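Let me begin by presenting the structure, written as structure tokens, before commenting on it.
None of the figures in this text is laboratory data; all of them are computed from the coordinates on show. All figures in this text were calculated on a predicted structure; none of them were measured in a lab. Ideal geometry is used to build each Cβ from the backbone, glycine not excepted, and the neighbour counts take in all protein chains shown.
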Amino acid sequence: MQKAVISRLGEYEIRTCEKEDIPPVIEINMRTLPEHYSDYFYYEILSEHPDTFLVAELRGVLVGYIMCRIEYGFSQLKRLSLARKGHVVSVAVEEEHRGKGIGTALIQAAHAEMAKKTATECYLEVRVSNKPAISLYERLGYKVTSRVDAYYRDGEGALVMAAKVER
Ligand code: ACO
Ligand code: ZN
């Protein structure tokens, strides 16, 4: 099957995730984040939201992913209005490939795909202590819209952050 390259960053390619990418995506998640999901969850998101599940690849090896859903509900940005929203469920880059713009490229590419699906905003939850991720999101226009105490299993709270997405 033809793999759809969305953007390039030096030798890194940002492209849509395929079924056979799910095992390495799960491995990246295991190595980089305390939040894990059942294998089924990854395949389900891929089958329901294939355009906004992206991977970063370097010479045939996956080094990062972003997994998103498109939802419809109350806007995080405009009080009492309804909106189609992208939801970044999980994003991660292998440690030795961080700080090179891959996280930025994954989020920007996901935003572009969300906008094609007529989403007007994107939101996510992030641990209050996750400074590198929070500063990256802020640089990409995300603002904190709320805070959820004890959101994570270990009791840590989450910031809900949201940004406009544009075509
Ligand atoms: N390591 C990490 N960051 C570095 C490094 C380095 N060696 N060198 C520089 N940086 C800086 C960059 O300058 C940039 O700074 P800024 O955002 O303040 O301008 C920032 O760190 C990283 O930006 P990118 O290179 O675009 O992003 P990266 O490819 O490093 O990925 C990510 C960011 C995904 C948050 C990564 O750190 C990661 O995988 N962390 C562990 C998993 C995680 O926390 N994921 C997010 C959870 S929340 C959620 O999933 C919704
Ligand atoms: Zn979430």
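When you have a sec, figure out the Kirkwood radius of the range 5-120 from all distinct Cα pair distances and drop it here in Å to one decimal? Working shown, then result.
Values: mean 1/r = 0.0690 Å⁻¹.
Mean inverse Cα-Cα distance, inverted, gives 14.5 Å.
Computed from the Cβ-Cβ distance with R0 of 22 Å, the FRET efficiency linking L77 to V128 stands at 0.60.
Quick one: Cα centre-to-centre distance for the range 119-158 and the range 8-29, in angstrom? One Cα centre to the other: 23 Å.
State to the nearest 20 debye the size of the charge dipole of the chain about its Cα centre, where the only charges are +1 on K and R beta carbons and -1 on D and E beta carbons. It would help to have the intermediate numbers written out before the result.
Details: 23 positive and 24 negative charges, 170 e Å.
So the magnitude is around 820 debye.
Note on K100: aspartates and glutamates with a C-alpha under 12 Å away, same-chain residues under 8 apart excluded, are E11. What does the charge count near V128 come to, summing +1 for each Lys or Arg and -1 for each Asp or Glu among other residues with Cβ under 13 Å from its Cβ? For residues surrounding V128, the net value is -1. Straight Cα distances below 13 angstrom link K78 to the aspartates and glutamates E121, with same-chain residues fewer than 8 positions distant left out. Structure remark: mean-square fluctuation, Gaussian network model of the chain, C-alpha springs under 10 Å; the largest value among G103, G86, G155 belongs to G155.
Among L124, L62, L82, the largest mean-square fluctuation in a Gaussian network model of the chain (Cα springs under 10 Å) belongs to L82.
Mean separation of Cα pairs under 8 Å and 6+ residues apart, divided by the residue count of the range 5-120: what relative contact order is that in percent? Don't skip to the answer; put the middle values down first.
Values: 196 pairs, mean separation 30.4, N = 116.
With pairs under 8 Å counted, the relative contact order is 26 percent.
Hand me the GluC sites (Glu not before Pro) from the range 109-167 located in a DSSP loop with no more than 12 other Cβ atoms within 10 Å, in residue order please. Sites meeting the loop and neighbour criteria: E166. In this rough spin-label picture, where each label sits 7 Å from Cα along the Cβ direction, the Y152-E35 distance is 0.9 nm.
Within the same chain, lysines fewer than 8 places from K116 are excluded, and of the rest, those with a Cα less than 18 Å from its Cα are K85, K164. Dipole magnitude for the range 59-138: about 260 debye, using +1 per Lys or Arg Cβ and -1 per Asp or Glu Cβ, origin at the Cα centre.
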